[in-house]
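Peer 1: The structure that follows is given in the form of structure tokens.
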Amino acid sequence: MSETTSLPQIPTSLASLRESFAGQSSSTRALLLMAPLIAFELLVFVIPFLILLRISFAEPSSDLIYEPGSWSVEAYAAVIDNILALELLWSVISYSFLLGVVVTIVTVVLALFYAYAIWRSTGLVKTLLLFSVVLPLLTTLVIRTYAFRPLLSPTGTFNELLLSVGLLSEPIQFVPNTVGAVIGQVYIVLPYAILAIYSVLATMDWHVVEAARDLGASRPRSVAEVVVPQAMPGIIVAAVISFAWSVGAYAAPGLLSENITFALHVEELLLTDLRYPTAAALSVIMLVLMLAAISIMFAVLNRFGGDFDLA
């Protein structure tokens, strides 16, 4: 008496699955391939924002952090009234945007020069320049930001160096100060800006720059009229990253400045005053203002050219 055992047909199953996947339309296949990314975006970004939006429309309560089931625009009214009256929130928002603009300008200029240097270098020099960009990213953000306190303090290394060479007669208080916050924030966002611009420069053909110089353009003019327009997609990405990160900056202003930024004020509303709806409403308003500012920035910089397929 013989017994037969049925074994799973793994190759056949895999083949049928592959045939089933191949039989789908291109749009369906693209959707299936993007499903993990879509799920990640929903879980990490969309759903938390919807929760924040819901809390912003809750009714403020002195007893509860969040009043379930309540609906109110009182938090938005309080924030807008405070802004229009040019009170605390106006100074907080204006300082946050001013910090973002200054950091963005400084970062993009430095990143463009550094990315250009990486692009034109070769061999060991290029490797060292790229390594110096990636190296700060391997250190915790708070630690590398806090390191500027002993460096920039009135009795710190930088002031002692300037005093020793005779450039200063007395120490300058860089921290806690806005100057220290700008330096710290530039140091945080600069690697990302450099990589964004360099990724576009790496696709450019150097012979185009040489052709411009053969036609009589000087070195600065060839860079300004050939390299910069071609690198504009990377410059815009670098500007958006620098601006968005700096307006909502928390670590650098908190450690290196005495001024209150938007993020620090939200922390105070949440942890000290327990005004969750107000904090959520302020966050939503700041997000709308930042998106409007970024749209204007994109429209202005986009006028200078560049192929955005390279970004």
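Peer 1: Counting pairs of Cα atoms in the chain, how many percent are more than 29 Å apart?
Peer 2: Everything past 29 Å amounts to 56 percent.
Peer 1: Can you send over the carbon and sulfur percentage of the accessible area for the chain, probe radius 1.4 Å, protein chains only?
Peer 2: 68
Peer 1: For a protection proxy built on the mean count of beta-carbon atoms within 10 angstrom, sort 253-264, 146-157 highest first, please.
Peer 2: Peptide ranking by packing, descending: 253-264, 146-157.
Peer 1: Tabulate in residue order the Karplus-calculated ³J(HN,Hα) for segment 68-83, using 6.51 cos²θ - 1.76 cosθ + 1.60 with θ = phi - 60°, rounded to whole Hz; enter x for Gly and Pro.
Peer 2: The phi angles translate into x, x, 8, 10, 6, 10, 5, 5, 5, 4, 5, 5, 5, 4, 5, 5 Hz.
Peer 1: Something else: If you take every residue apart from Arg219 with its C-beta less than 15 Å away from the C-beta of Arg219, what net charge results, scoring Lys and Arg +1 and Asp and Glu -1?
Peer 2: Numbers: positive: Arg120, Arg213, Arg221; negative: Glu210, Asp214, Glu225.
Here the count lands on 0.
Peer 1: Among residues other than Gln173 whose Cβ falls under 12 Å from its Cβ, what is the net charge (Lys/Arg +1, Asp/Glu -1)?
Peer 2: -1
Peer 1: If packing is taken as the average number of other Cβ atoms within 10 Å across a peptide's residues, how do 65-76, 85-96, 184-195 rank, most packed first?
Peer 2: Final packing ranking: 184-195, 85-96, 65-76.
Peer 1: Hey, what's the chain come to in accessible area per residue, 1.4 Å probe, Å²? List each step's numbers first, then the result.
Peer 2: Details: 18410 Å² over 311 residues.
I get 59 Å² per residue for this part.
Peer 1: Also, quick follow-up: For segment 74-303, what is the relative contact order in percent, using Cα pairs closer than 8 Å and at least 6 residues apart in sequence? Can you show the working numbers first?
Peer 2: Numbers: 257 pairs, mean separation 67.9, N = 230.
Taking the mean separation of contacting Cα pairs over the length of segment 74-303, I get 30 percent.
Peer 1: Show that you can apply the helix-only estimate: for the chain, add -39,500 (n - 2.57) for every DSSP H stretch of four or more residues, divide by all residues, and state [θ] at 222 nm to the nearest 500.
Peer 2: -21000 deg cm²/dmol
Peer 1: Let me ask something else. Starting at the first residue of segment 133-146, write each ³J(HN,Hα) from the Karplus equation 6.51 cos²θ - 1.76 cosθ + 1.60 with θ = phi - 60°, in whole Hz, x for Gly and Pro.
Peer 2: 6, 6, 4, x, 6, 7, 10, 4, 4, 5, 5, 6, 6, 5
The values are calculated or read from the model by the stated rules, or taken from the named source; none is laboratory data. The structure presented is a predicted model; accordingly, all values stated were derived computationally and were not measured. Virtual Cβ from ideal backbone geometry, glycine too; neighbours counted across all protein chains shown. Surface areas here come from the heavy atoms of the whole protein model, side chains and all, with no ligands, DNA or RNA. Shrake-Rupley method; radii C 1.70, N 1.55, O 1.52, S 1.80 Å.
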